[in-house]
Amino acid sequence: MIREIRSDRDLAAHAEVWSAISPRDAVSADFVQGKLAREPERLYLLAEDGDRVIGCGLASGSSRAGRKFVLVGVIPDRRRRGLGSELLERCLAHAQSLGGEAAVSFVWEDCAESLAFAAHHGFTEYERGAEYIVELDGKPAPPPPPGIEIVEIVPEHYAGAYEIWLEGASDAPSADESSPMPYERWLSETGAKELVLVAVEAGEVVGFAALEDRNRAEGAAGNDLTTVRRSHRRRGIAEALKREQLARAAELGYLTVVTGQHEENVGMRHLNEKLGYRPLPATIMVRRALG
């Protein structure tokens, strides 16, 4: 049976089964509940066999207008029976009802079964992302470059931080040319992050870095975005933001941080490697038209 979630207990079950299916992308119940609270039009599905949860599905908005995100998973011993297809069709229908023109999702390059499933259902690759993970050592961050102060974001920083976020989003190599996230949604998403740091010079916000809680019980966090104002790049500000983020993540009790970027962003890849991140199999972004 496939049904929509109805309670916090259902959301916790969704997080648990997805984390078991895809441990690399493990999430907590709090993470799922927070996403739904900020985006009540999200669809979360559970597939059950009696009391056993055997699969899940998700359809939601995304950071780009006209694009909706879908994701499904089925436990290994229940695959190849049509359940994944059934979950996906429900998710695609909901994505279209939200006004989506295209559905996007992701698979990992080392998962041939997921790649084949996506291709079978009309999804095609449009870009690849390089992902890295670092184990935190708890060392304090060194001082930032002269004249730069790194602090937690406060309301007076929001406008400047959003400008920098837009710059970073538009400068990132991408095959996706749809509209960026509107300010109000950016503000809601940013306010829900575990930690948001800004780099400030002479009262002006010149850099931005956000840390997202993925699964606190497992000590897992994700670097959402690190970017610096174009006029202030190549001064070590991005490195200072990342080092401060890692130090504070350790203070918050996290054990690992995952970060990712487009595979063509060579500069950021080199910086991540310098900071001790090790590579994971690439993330393949896929999409298909809706309707």
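Being at pLDDT below 95 and assigned to a strand (DSSP E or B) is the filter; apply it to the stretch 53-67 and report the residue that is nearest to GLY168 (Cα to Cα).
The extreme case among them is ARG67.
Quick check on the stretch 153-164. Is at least one of its residues surrounded by fewer than 16 Cβ atoms within 10 Å (Cβ to Cβ) and either under 15 Å from the mean Cα position of the chain (by Cα) or not in a helix (DSSP H, G or I) (or both)? Let's see the steps before the verdict.
Taking the stretch 153-164 and keeping what is surrounded by fewer than 16 Cβ atoms within 10 Å (Cβ to Cβ), we get 154-156, 159, 163.
If we keep only those that are either under 15 Å from the mean Cα position of the chain (by Cα) or not in a helix (DSSP H, G or I) (or both) as well, we get 154.
Looking for residues that are surrounded by fewer than 16 Cβ atoms within 10 Å (Cβ to Cβ) and either under 15 Å from the mean Cα position of the chain (by Cα) or not in a helix (DSSP H, G or I) (or both), one finds at least one in the stretch 153-164, hence yes.
If you take the residues of the stretch 76-85 that are surrounded by 14 or more Cβ atoms within 10 Å (Cβ to Cβ) and farther than 16 Å from LEU115 by Cα, which of them is farthest from the chain's Cα centre (by Cα)?
Among those residues, the one meeting the criterion is ARG78.
Kindly provide the set of residues from the stretch 122-131 that are surrounded by 14 or more Cβ atoms within 10 Å (Cβ to Cβ) and either of a type in the set (Ser, Thr, Tyr) or in contact with a Lys or Arg (Cβ under 7 Å, 6 or more places away or on another chain) (or both), ordered by number. Spell out how you get there, then give the answer.
Looking only at the stretch 122-131, we keep the residues that are surrounded by 14 or more Cβ atoms within 10 Å (Cβ to Cβ), and these are 123, 125-131.
Hits for the stretch 122-131 are PHE123, TYR126, ALA130.
Filter the stretch 220-237 down to residues that are assigned to a strand (DSSP E or B) and within 14 Å of GLY267 (Cα to Cα), then give me how many there are. Break it down into steps so the answer makes sense when it comes.
Start the filter on the stretch 220-237 by keeping residues that are assigned to a strand (DSSP E or B), which leaves 220-228.
Then keep just the ones that are within 14 Å of GLY267 (Cα to Cα); that gives 226-228.
Summing the residues that are assigned to a strand (DSSP E or B) and within 14 Å of GLY267 (Cα to Cα) in the stretch 220-237 gives 3.
Could you grab me the full set of residues in the stretch 224-245 that are in contact with a Phe, Trp or Tyr (Cβ under 9 Å, 6 or more places away or on another chain) and either surrounded by 23 or more Cβ atoms within 10 Å (Cβ to Cβ) or in the same structural domain as ALA29 (by TED's automatic domain parsing) (or both)?
Answer for the stretch 224-245, where residues must be in contact with a Phe, Trp or Tyr (Cβ under 9 Å, 6 or more places away or on another chain) and either surrounded by 23 or more Cβ atoms within 10 Å (Cβ to Cβ) or in the same structural domain as ALA29 (by TED's automatic domain parsing) (or both): THR226, THR227, VAL228, LEU241.
Of all residues being part of a loop (DSSP other than H, G, I, E, B) and modelled with pLDDT of 90 or more in the stretch 1-26, which is nearest to GLY99 (Cα to Cα)? Just the residue, please.
Checking each candidate, the answer is ILE5.
Which of the numbered conditions does ASN265 fail, given that it passes all the others? Conditions: (1) farther than 16 Å from ASP25 by Cβ; (2) at pLDDT 90 or above; (3) not aliphatic (A, V, I, L, M).
Against the list (1) farther than 16 Å from ASP25 by Cβ; (2) at pLDDT 90 or above; (3) not aliphatic (A, V, I, L, M), ASN265 comes up short only on (2).
Could you run through the stretch 245-266 and say how many residues are more than 14 Å from ALA221 (Cβ to Cβ) and either touching a residue at least 12 places away in the same chain (Cβ under 8 Å) or in contact with a Gly (Cβ under 6 Å, 6 or more places away or on another chain) (or both)?
Just the residues of the stretch 245-266 that are more than 14 Å from ALA221 (Cβ to Cβ), to begin with: 261-266.
Filter once more, so that each one left must be either touching a residue at least 12 places away in the same chain (Cβ under 8 Å) or in contact with a Gly (Cβ under 6 Å, 6 or more places away or on another chain) (or both): 261-265.
Of the residues in that region, 5 qualify.
So which residues in the stretch 104-136 are in a loop (DSSP other than H, G, I, E, B) and modelled with pLDDT of 95 or more? First the steps, then the outcome.
Going residue by residue through the stretch 104-136, those that are in a loop (DSSP other than H, G, I, E, B) are 109-111, 121-123, 136.
Selection gives HIS121, GLY122, PHE123, LEU136.
Among the numbered criteria (1) farther than 29 Å from GLU184 by Cβ; (2) surrounded by 18 or more Cβ atoms within 10 Å (Cβ to Cβ); (3) of a type in the set (Lys, Arg), which single criterion is violated by ARG90?
Evaluating ARG90 over (1) farther than 29 Å from GLU184 by Cβ; (2) surrounded by 18 or more Cβ atoms within 10 Å (Cβ to Cβ); (3) of a type in the set (Lys, Arg) leaves (1) as the failure.
If we keep just the residues of the stretch 132-152 that are among the small types (Gly, Ala, Ser) and farther than 26 Å from ARG24 by Cβ, which is surrounded by the most Cβ atoms within 10 Å (Cβ to Cβ)?
Looking at residues that are among the small types (Gly, Ala, Ser) and farther than 26 Å from ARG24 by Cβ, I get ALA141.
Which one of these does GLU218 not meet: (1) crowded, with 17+ Cβ neighbours inside 10 Å; (2) over 27 Å from GLU127 (Cα atoms)?
With (1) crowded, with 17+ Cβ neighbours inside 10 Å; (2) over 27 Å from GLU127 (Cα atoms) applied to GLU218, the lone miss is (1).
Could you tell me which residue of the stretch 33-49 is surrounded by the most Cβ atoms within 10 Å (Cβ to Cβ), considering only residues that are part of a loop (DSSP other than H, G, I, E, B) and either within 16 Å of the chain's Cα centre (by Cα) or modelled with pLDDT of 95 or more (or both)?
So the first thing to find is which residues in the stretch 33-49 are part of a loop (DSSP other than H, G, I, E, B), and the list is 39-42.
Now restrict to residues that are either within 16 Å of the chain's Cα centre (by Cα) or modelled with pLDDT of 95 or more (or both): 39, 42.
Values: GLU39: 14, ARG42: 18.
Once the filter is applied, the top-ranked residue is ARG42.
Output the number of residues of the stretch 239-291 satisfying the condition of being among the aliphatic types (A, V, I, L, M) and in contact with a Leu (Cβ under 9 Å, 6 or more places away or on another chain). Give the steps one after another, and end with the answer.
In the first step, residues of the stretch 239-291 are kept if they are among the aliphatic types (A, V, I, L, M); the result is 240-241, 246-247, 249-250, 252, 255, 257-258, 266, 268, 271, 275, 280, 282, 284-286, 289-290.
If we keep only those that are in contact with a Leu (Cβ under 9 Å, 6 or more places away or on another chain) too, we end up with 241, 246-247, 249-250, 252, 255, 257-258, 275, 284, 286, 290.
Total meeting the criteria: 13.
The values are calculated or read from the model by the stated rules, or taken from the named source; none is laboratory data. Predicted, not measured: the structure shown is a model, and the values here were computed from it. Glycine gets a Cβ as well: all are built from the backbone with ideal geometry, and neighbour counts include every protein chain shown.
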